[in-house]
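**Student:** The structure that follows is given in the form of structure tokens.
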Amino acid sequence: MVPTPAIARMNCKPGFHVGHQGQQGFRPSVRGIRATRWLAILLLASWVTLSWLLTGCAASRSQGPPLTGDILVDGPRAIAEGPARDRVLWQYRTAAAALRQGRFDLARTLLDEALLTLQGIHGPNPEARRARSLFRPESVKPFIGEPYERSMAYIYRGILYWRDGELDNARACFRSAQFEDSDAEQRTYAGDWVLPDFLEALATAKLGGDPSDALRRAQTNVRGATLPPLDPSVNVLVFLEFGPGPLKYAAGEHGEQLRFRTAPSPVKSARLQVAGLTVTAAPVDDVNFQATTRGGRVMDHILGNKAVFKDTADTVGDAAILGGAVLAVAGHGRKSAADEAGAALVLAGLASKLLAAATMPQADTRAWDNLPQFLSFVQLRLPPGDHTAVVEFLGPNAQPLPDRTKTIHFRVPAEGRDVVLFVSDTSATPQHQ
Amino acid sequence: MKSTILCSALLMGSLWLTGCASSGVKNPSGVPVTRLNPDEQGFVAGTGIESQDLVAVADKMARSILAIPQIANAPTPPVVVLDPVENKTRFPINKDIFLTRIRAQLNSRAQGKVIFLARDRMATLEKERNLKREGAVTASADPQVQEFKGADYFLTGTLEGLSTRTRAGTSDYILYAFQLIDARTSAIVWEDMAEVKKQGLEDAAYR
């Protein structure tokens, strides 16, 4: 439908296809008619190409099911019915929500599926290749997350392995969490998570190994907090998380630069009260810091090239249209070859503008948007029996923030596996864990 | 007219070539995972522990165990208990699967040269024995006699890993080591190992 009026407009321009007015009036020459046909065909081809490109993009962006606002409803539905490229994203989000609801079995299943995808991304991937093409946005690739998101998936899975008494698999997850962060652009920020190293050390000590390397790394990287002494005899581990995590946005003229938006956390620390003990937990890891210190990606280079192409095509298009118009006007009435060249330049310019418009350098801003900002940890040695832990999340002046106090009931067995509690400032309360 | 079309084609071609968004990126399509010490070929999806590794390692260990004198020349079949493997790699796995496969290989190939104890079923077995002792169920022998066997050997192992990740790719080396330990003397009467190294590089879209 689109090409028809365009061709009609072209035909109304006398300079494109008529001879000298003084000699032939408005009667078209044979040469002019041929040129007009060629131009019409070329323009039609350009429009068809652009339409195909845009249609292809639209087809590839299938929408997910409608959202209800309850992530434990939306997540499983999006995983089952939504676009395959967003499956891991929803597995991440739903697993985090399930952890906070105390639904550890659901979280375990979702994280296992997500990590299975994450571990199998080596080699050529047609969907990832499309994300590198000029006419597809980065977000067409299957989501696996940036390194900080992948690390968090492993950290959560490690916590769940510890809950299940599989300390060596928990340690494997903590090692992988650190591993995901190991190719940062600046080596200073490579593998600088603290909690995974400390937990690796604790697991190793409990398994009878030598924890000194991992412990030394944790102690080197910790900022603004003091790590507890390594005590293999502890039998209760409390993982705490609070504050809003990083979100992504696209910056740059064409949205080709991936950036992170961080919001200050109203929660600065947490206070745990259990069995007559009171322990204050400062953050040992900052997810926002991890997100913003990874440095540039290879994909940023590709998106930058896409943006340059878009700008260049647009500029070339402007120049060609302007040059063609000048040539056509200058040649009008004197030499039909100049008219044709001018027309061709205008056409090429239009095509170039179309290509520029179809180029998609936008960065992928899909994000695991329910991550916390801070991670913390408390270790305890409690007698066997039933206990109730109260966790208060504290503001800047160490005052408990309203509506954020959590109550967790749990039982310490006489012997056997450690008790592992997971408490977020958005956790459901009270909970039995 | 031909020159016009040629001119347009050249212009468009130049735009395409200059706009190749992946230019300057090394291996933009990634490098497929390569198993560097293969004795079995197959599609490898990741650099971690996979089924082909399990099969190769378990086969090698089963053959190796059968050849040792303590098994091959034993007057009576030695009794072996499986002790869980310790995973020291960065890959969370179902570690019991290695010992399960080795046990199945030995049971199917050794034809009674080795006896394994089902220690992982002790709770069920004790419950059944107690029912027999109470007379709640029938017994083909005197249930008061202690017939649960003790172990002559423990079969166990460790999985250790060495991993590297740079912009050039990911490399994972895994050492699978298994031991047969004399339960009476704590002597390691047999040990063997297998090692696998894999490398891979993901698509540039993920780097």
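**Student:** Evaluate the range A:89-108: report whether one residue or more is within 14 Å of chain B (Cβ to nearest Cβ) and of a type in the set (Gly, Ala, Ser).
**Tutor:** No, the range A:89-108 has no match at all.
**Student:** Take the residues of the range B:163-207 that are of a type in the set (Val, Ile, Thr) and under 14 Å from the mean Cα position of the chain (by Cα): which is farthest from the other protein chains (Cβ to nearest Cβ)?
**Tutor:** B:196
**Student:** Just checking, which of A:132, A:150 is buried (at least 22 other Cβ atoms within 10 Å of the Cβ), in contact (Cβ under 8 Å) with a residue 24 or more places away in the chain, at the interface with chain B (Cβ under 8 Å from one of its Cβ atoms) and touching a Ser or Thr at 6+ places or on another chain (Cβ under 9 Å)?
**Tutor:** On the way: A:150 fails: at the interface with chain B (Cβ under 8 Å from one of its Cβ atoms).
Criteria check complete, one pass: A:132.
**Student:** For the range B:142-168, enumerate the residues that are assigned to a strand (DSSP E or B) and either buried (at least 17 other Cβ atoms within 10 Å of the Cβ) or not polar (S, T, N, Q) (or both).
**Tutor:** B:153, B:154, B:155, B:156, B:157, B:158, B:159, B:160, B:161, B:162, B:163, B:165
**Student:** Does the range B:169-183 include one or more residues that are among the charged types (D, E, K, R), surrounded by fewer than 20 Cβ atoms within 10 Å (Cβ to Cβ) and out of contact with any Phe, Trp or Tyr (no Cβ under 9 Å at 6 or more places or on another chain)?
**Tutor:** We begin by selecting, within the range B:169-183, every residue among the charged types (D, E, K, R); these are B:172, B:182.
Next cut, surrounded by fewer than 20 Cβ atoms within 10 Å (Cβ to Cβ) only: B:182.
If we keep only those that are out of contact with any Phe, Trp or Tyr (no Cβ under 9 Å at 6 or more places or on another chain) too, we end up with none.
Within the range B:169-183, not a single residue is among the charged types (D, E, K, R), surrounded by fewer than 20 Cβ atoms within 10 Å (Cβ to Cβ) and out of contact with any Phe, Trp or Tyr (no Cβ under 9 Å at 6 or more places or on another chain).
**Student:** Just one of the numbered conditions (1) within 13 Å of another protein chain (Cβ to nearest Cβ); (2) in contact with a Ser or Thr (Cβ under 8 Å, 6 or more places away or on another chain); (3) assigned to a helix (DSSP H, G or I) is not true of residue A:321; which one?
**Tutor:** (2)
**Student:** Could you please find all residues in the range B:141-189 being in contact (Cβ under 8 Å) with a residue 24 or more places away in the chain, touching a helix residue (DSSP H, G or I) at 6+ places or on another chain (Cβ under 6 Å) and more than 25 Å from residue A:175 (Cα to Cα)?
**Tutor:** Once the filter is applied, which keeps residues that are in contact (Cβ under 8 Å) with a residue 24 or more places away in the chain, touching a helix residue (DSSP H, G or I) at 6+ places or on another chain (Cβ under 6 Å) and more than 25 Å from residue A:175 (Cα to Cα), the range B:141-189 yields only B:189.
**Student:** Looking at the range A:73-80, can you tell me whether even one residue there is more than 10 Å from chain B (Cβ to nearest Cβ), under 30 Å from residue A:406 (Cβ atoms), touching a Gly at 6+ places or on another chain (Cβ under 7 Å) and surrounded by fewer than 24 Cβ atoms within 10 Å (Cβ to Cβ)?
**Tutor:** yes
**Student:** Looking only at the range A:255-268, count how many residues are of a type in the set (S, T, N, Q) and surrounded by fewer than 20 Cβ atoms within 10 Å (Cβ to Cβ).
**Tutor:** The total comes to 2.
**Student:** Using the structure shown, decide if residue A:127 is more than 9 Å from chain B (Cβ to nearest Cβ) and out of contact with any His (no Cβ under 8 Å at 6 or more places or on another chain).
**Tutor:** Numbers: more than 9 Å from chain B (Cβ to nearest Cβ): no; out of contact with any His (no Cβ under 8 Å at 6 or more places or on another chain): yes.
No, not satisfied.
Quick note: the coordinates plus some simple rules give every number you see, no bench work behind them. Keep in mind it's a predicted model, so treat the numbers as computed, not measured. Backbone-built Cβ (ideal geometry, glycine too); neighbour counts: all protein chains shown.
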